[in-house]
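Structure first, then comments.
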2 protein chains.
Amino acid sequence: MNTMVQTDLLDILRRTVGAAQVLTEGDLSAWELDWRRRWRGKALAVVRPGSTAEVAAVVRACAAHGVAIVPQGGNTGLVGGGVPDASGTQVLLSLQRLNRVRAIDEANLALTAEAGCVLQTLQQAARERSLLLPLSLAAEGSCTIGGNLATNAGGTQVLRWGNTRELCLGLEVVTAAGEVWDGLTGLRKDNTGYDLRNLFIGSEGTLGIITAATMKLAPLPAATTTALAACETLDACVALLKLARARLGAGLTGFEVMGRFALDLVARHFPALPRSLPDAPWTVLLEQSDTEGEAPARERFEALLGSALEEGLVGDAVVATSLAQSQALWQLRESIPLAQAEEGANIKHDISLPVSAIAEFVTRTDAVLRARFPGVRLVNFGHLGDGNLHYNVQAAEGADPALFLAEQEHAVNTLVFDALQPFGGSFSAEHGIGALKRDELVLRKSPVALAMMRSIKAALDPQGLFNPGRVL
Amino acid sequence: MNTMVQTDLLDILRRTVGAAQVLTEGDLSAWELDWRRRWRGKALAVVRPGSTAEVAAVVRACAAHGVAIVPQGGNTGLVGGGVPDASGTQVLLSLQRLNRVRAIDEANLALTAEAGCVLQTLQQAARERSLLLPLSLAAEGSCTIGGNLATNAGGTQVLRWGNTRELCLGLEVVTAAGEVWDGLTGLRKDNTGYDLRNLFIGSEGTLGIITAATMKLAPLPAATTTALAACETLDACVALLKLARARLGAGLTGFEVMGRFALDLVARHFPALPRSLPDAPWTVLLEQSDTEGEAPARERFEALLGSALEEGLVGDAVVATSLAQSQALWQLRESIPLAQAEEGANIKHDISLPVSAIAEFVTRTDAVLRARFPGVRLVNFGHLGDGNLHYNVQAAEGADPALFLAEQEHAVNTLVFDALQPFGGSFSAEHGIGALKRDELVLRKSPVALAMMRSIKAALDPQGLFNPGRVL
């Protein structure tokens, strides 16, 4: 691309969104560097449109000039899907200024918001009406709903409410032709044609630019309580999950598992945190949301855990008696990644399996990893209720973590991803493909599926200007 | 297409699936005539493959000969989407012999079954393991899961469990190239590429042929109970819905509304059925599913309805005290379409709206219809919890119903569908497009969405041989 074309495009973009919203100079790290600091790109310009019409105009201008567009929300992605490449030829299109809540329809339990709204802002907007937006994840203070949708984000409430996909009723999208598709419906049922909405959700900015969405809300629960249970085996954890589902139904809103070594690391690096239960190979954190109140919820928990003790599924259990205790139990769980970081660099996985296959997968894969990498330490924890494990691998005690990461990451990944295959597991449960896992996708996805994905990409983005080099 | 090409294709098909499974003679009404008896086609042959590999081979043979394929499940669709046209040149591909349950994974709460399995068979297979397949609709004794998926069927449990789409975890599909996509996953989270699954669901056989699916299961509830409540206005019904959601949470599994004239028709044609509540403009049927048992469910219902009486939302209410009473209440609701049929031909609608817009839509549209068609009678009932009304229009008392249908159907449809537009409603909530509503789709769907649908159709079925003339 020659300089004249670029200059011409920048002029048009400045006229379209205002010169102050076309950034080409100074420190643009906030948009060009991903927050894991693994990818640093260089944009032709960071463009910050303020409305859907401006997004469409930017797309039309870029298309006319053959310039690629990388859409970005809160820049909290984990797979390098939202920063430009190093060529200096791509437009980084930030959606952050599209940040209006357009409507909250209480009777219809629906909220319509623009793509750049920060997730936490939307959670609060719902909560002010005594409603719940049931999407919650670590980055909620800075991630945007557009990014959540583009990546089909998961989080801690998937067991009850599903992924972001299941929470979305409708979308507004700017297409590759720079047209606006108004699919902002609050309908629960609408069988008039192909499911375009779900095609855009999870497509990581490669098929269209999500500019707004209508999301499902739910009544706020009257009470949310937690409990911890100690299990000897992962099989027992899975049996406890089954019992909890039968007893609590949709009241079971969280079921997290933590391996002994994961909690050992928390104890080592955050000694002030109470461990709450005696040492056990596996500790389960259960969360219950109730429409009646604290007391009946706690009674149900006690009855459930009493049965689990009788059946020998759990060795010990504790039910939180206050909100502060509940929060302390969650803090244990949430401190694991931080404790891991304190312990040093490590190889992270975001895998999923059928719940029925998890125990066997872990037993087998632990053994193979330990045989191949003597002394290796497994930090295993995650959303067991969803079959989603963060099956992380830490260097042997005393070994150099950075060296282990640099030398063994590929071999460890290959071993773990290969081990998933006979169980029908996924090598990316929550985080997506982005730039990081593109090669794995080509290796591991069925050729029939890949061919369909490529033909859809060509159909909806014939010039290939939306987030090139990501996903496909 | 000349006779030689047809003869050659039939020979290949007979070799592929066996001569006995290629039907060209005798009475083929079971496949060529839809069950509403509105569309009668003539197939080149009815082909009944017995395996996914045979389906793929049939598709390859048809593609090589340029012959169109109309896939069919239980032939219970309502929009003419599953019968061949009258040309005698299309292959009717029946999936009914693909009827194996391939697996039930209890711990993972998932069932994998072939497309031709009858829905009720799958419900029973789940129930035998104390599990629930939460999809239920009037045609469940003869519709197939493949057809349910192809049309994204709704039914009576959508309020709690969503449409068929929300219940599906994975698909196996034969593509237009005659390849098999094995997307049969039991995973709850898998962000590896575009959402092909949801693209096929609801595409009515126009993008690929679903040959098997993995469906979500849930624990069987310990008890299911019902109640009736009488409301003066639709606004009061919507307020009751809000209260019931807050009090019962996910325990609220049904919320149906019945207008006075709908119940009058039931009383007229089925006088033996008990009416249970004094006459009121609107009667609501609530269903609750509970993980604990009958008694606590009934207590919760009584507390809820007590509050609703106090708040003046309902004038009277009754909670079923036995399974037989619950069934009798459902029978009232289910007798409405039968009573309508007894009353004579009528104009049926399957519309949806945001719940918040329903009362205003009905008030306005009732008035316009009555002004335009004096004496017209509105049979209004449906899944209020999902915003889905069967807003049916019956000829004036004493008028000839058949004549009214023949002369006024188009005018009534246009009036009703036009009235939906300012509220963001849908003219096909559950039943799909098929052949019946293709013209409406072109009229009423956004041109941007239509263009995307057409480009996806061209990408996945470039020869246009899958169910031509349906949807698009």
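Is one or more of the residues making up region B:123-130 among the charged types (D, E, K, R), open to solvent by 20 Å² or more (accessible area, probe 1.4 Å) and touching a residue at least 12 places away in the same chain (Cβ under 8 Å)?
Taking region B:123-130 first, the residues among the charged types (D, E, K, R) are B:127-129.
Then keep just the ones that are open to solvent by 20 Å² or more (accessible area, probe 1.4 Å); that gives B:127-129.
In the following step, the residues that additionally are touching a residue at least 12 places away in the same chain (Cβ under 8 Å) were identified as B:127, B:129.
Yes, because at least one residue in region B:123-130 is among the charged types (D, E, K, R), open to solvent by 20 Å² or more (accessible area, probe 1.4 Å) and touching a residue at least 12 places away in the same chain (Cβ under 8 Å).
If the requirement is being at pLDDT 95 or above and either surrounded by fewer than 21 Cβ atoms within 10 Å (Cβ to Cβ) or under 18 Å from A:LEU199 (Cβ atoms) (or both), which of these qualifies: B:GLU172, B:GLU179? Give the steps one after another, and end with the answer.
Numbers: B:GLU172 fails: either surrounded by fewer than 21 Cβ atoms within 10 Å (Cβ to Cβ) or under 18 Å from A:LEU199 (Cβ atoms) (or both).
Unique residue meeting the criteria: B:GLU179.
For region B:359-472, list the helices (runs of 4 or more DSSP H) that sit wholly inside it and hold at least 2 residues that are more than 10 Å from chain A (Cβ to nearest Cβ) and crowded, with 16+ Cβ neighbours inside 10 Å; which are they? Spell out how you get there, then give the answer.
On the way: elements: B:401-420, B:438-444, B:447-460.
Those helices (runs of 4 or more DSSP H) span B:401-420.
Give region B:414-472 a look and list any residue that's aromatic (Phe, Trp, Tyr) and closer than 24 Å to B:VAL368 by Cβ, or say none.
First pass over region B:414-472, keeping only residues aromatic (Phe, Trp, Tyr): B:417, B:423, B:427, B:466.
Scanning region B:414-472 gives B:PHE417, B:PHE423, B:PHE427.
Does A:VAL471 meet the test of being at pLDDT 95 or above and touching a His at 6+ places or on another chain (Cβ under 8 Å)? Working first, answer last.
On the way: at pLDDT 95 or above: yes; touching a His at 6+ places or on another chain (Cβ under 8 Å): no.
So A:VAL471 does not fit the description; no.
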Exercise for the section: Take region A:223-250 and flag every residue that is touching an Asp or Glu at 6+ places or on another chain (Cβ under 6 Å) and either over 24 Å from B:PRO296 (Cβ atoms) or open to solvent by 10 Å² or more (accessible area, probe 1.4 Å) (or both). Expected result: A:ALA230
Problem - Qualifying residue in region A:263-278 (condition: aliphatic (A, V, I, L, M) and either under 19 Å from A:PHE417 (Cβ atoms) or in contact with a Gly (Cβ under 7 Å, 6 or more places away or on another chain) (or both)) - result: no
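Quick check: anything in region A:133-146 free of Cβ contacts under 8 Å to residues at least 60 places away in the same chain, assigned to a loop (DSSP other than H, G, I, E, B), open to solvent by 10 Å² or more (accessible area, probe 1.4 Å) and within 14 Å of chain B (Cβ to nearest Cβ)? Steps first, answer last, please.
Filtering region A:133-146 for residues free of Cβ contacts under 8 Å to residues at least 60 places away in the same chain gives A:136-137, A:140-141.
With the extra rule that they be assigned to a loop (DSSP other than H, G, I, E, B), the set shrinks to A:136-137, A:140-141.
Going one step further and asking which of them are open to solvent by 10 Å² or more (accessible area, probe 1.4 Å), we end up with A:136-137, A:140-141.
Next, from what is left, pick out any that are within 14 Å of chain B (Cβ to nearest Cβ): A:137.
The answer is yes, given that some residue of region A:133-146 is free of Cβ contacts under 8 Å to residues at least 60 places away in the same chain, assigned to a loop (DSSP other than H, G, I, E, B), open to solvent by 10 Å² or more (accessible area, probe 1.4 Å) and within 14 Å of chain B (Cβ to nearest Cβ).
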Fill in the blank from the handout: Per the list (1) open to solvent by less than 10 Å² (accessible area, probe 1.4 Å); (2) within 8 Å of chain A (Cβ to nearest Cβ); (3) in contact with a strand residue (DSSP E or B) (Cβ under 7 Å, 6 or more places away or on another chain), residue check on B:ALA212 breaks on (2)
Exercise for the section: Name the residue, out of A:GLN124, A:GLN72, A:GLN90, that is out of contact with any helix residue (DSSP H, G or I) (no Cβ under 8 Å at 6 or more places or on another chain), away from every other protein chain (no Cβ under 14 Å) and within 24 Å of A:HIS431 (Cα to Cα). Expected result: A:GLN90
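For region B:264-323, enumerate the residues that are among the β-branched types (Val, Ile, Thr) and open to solvent by less than 30 Å² (accessible area, probe 1.4 Å).
Passing the criteria: B:VAL266, B:THR283, B:VAL284, B:VAL314, B:VAL319.
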Practice task
Can you give me the number of residues within region A:21-39 that are polar (S, T, N, Q) and not in a loop (DSSP other than H, G, I, E, B)?
Solution key: 2
Fill in the blank from the handout: Residues in region B:59-71 that are open to solvent by less than 10 Å² (accessible area, probe 1.4 Å) and under 28 Å from the mean Cα position of the chain (by Cα) total 3
Practice task
Give the residues of region B:290-310 that are over 30 Å from the mean Cα position of the chain (by Cα) and hydroxyl-bearing (Ser, Thr, Tyr), sorted by residue number.
Solution key: B:SER307
Exercise for the section: Please give the number of the condition A:LEU415 fails out of (1) under 19 Å from A:ALA150 (Cβ atoms); (2) free of Cβ contacts under 8 Å to residues at least 60 places away in the same chain. Expected result: (1)
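I'd like the full set of residues that are in contact (Cβ under 8 Å) with a residue 60 or more places away in the chain and more than 7 Å from every other protein chain (Cβ to nearest Cβ), limited to region A:184-203.
Quick first cut of region A:184-203, residues in contact (Cβ under 8 Å) with a residue 60 or more places away in the chain only: A:184, A:186, A:199, A:202-203.
A:LEU184 - this is the single residue of region A:184-203 that is in contact (Cβ under 8 Å) with a residue 60 or more places away in the chain and more than 7 Å from every other protein chain (Cβ to nearest Cβ).
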Problem - Residues within region A:301-335 that are part of a helix (DSSP H, G or I) and modelled with pLDDT under 95, tallied - result: 13
Problem - Failed criterion for A:LEU285 (all others in (1) within 14 Å of another protein chain (Cβ to nearest Cβ); (2) outside any helix (DSSP H, G or I) hold) - result: (1)
Problem - Single residue of A:ALA138, A:ALA126 found to be among the small types (Gly, Ala, Ser) and more than 14 Å from the chain's Cα centre (by Cα) - result: A:ALA126
Problem - Test set (1) under 17 Å from A:ALA244 (Cβ atoms); (2) buried (at least 20 other Cβ atoms within 10 Å of the Cβ) - A:LEU353 fails condition number - result: (1)
Practice task
Please enumerate the residues belonging to region A:22-50 that are of a type in the set (S, T, N, Q) and open to solvent by 40 Å² or more (accessible area, probe 1.4 Å).
Solution key: A:THR24
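The values are calculated or read from the model by the stated rules, or taken from the named source; none is laboratory data. Predicted model only: the values in this text are computed from it and were never measured. Note that we place each Cβ from the backbone using ideal geometry, even for glycine, and neighbour counts take in every protein chain shown. Note: accessible area is taken over every heavy atom of the protein model, side chains too, but ligands, DNA and RNA are not part of it. Shrake-Rupley method; radii C 1.70, N 1.55, O 1.52, S 1.80 Å.
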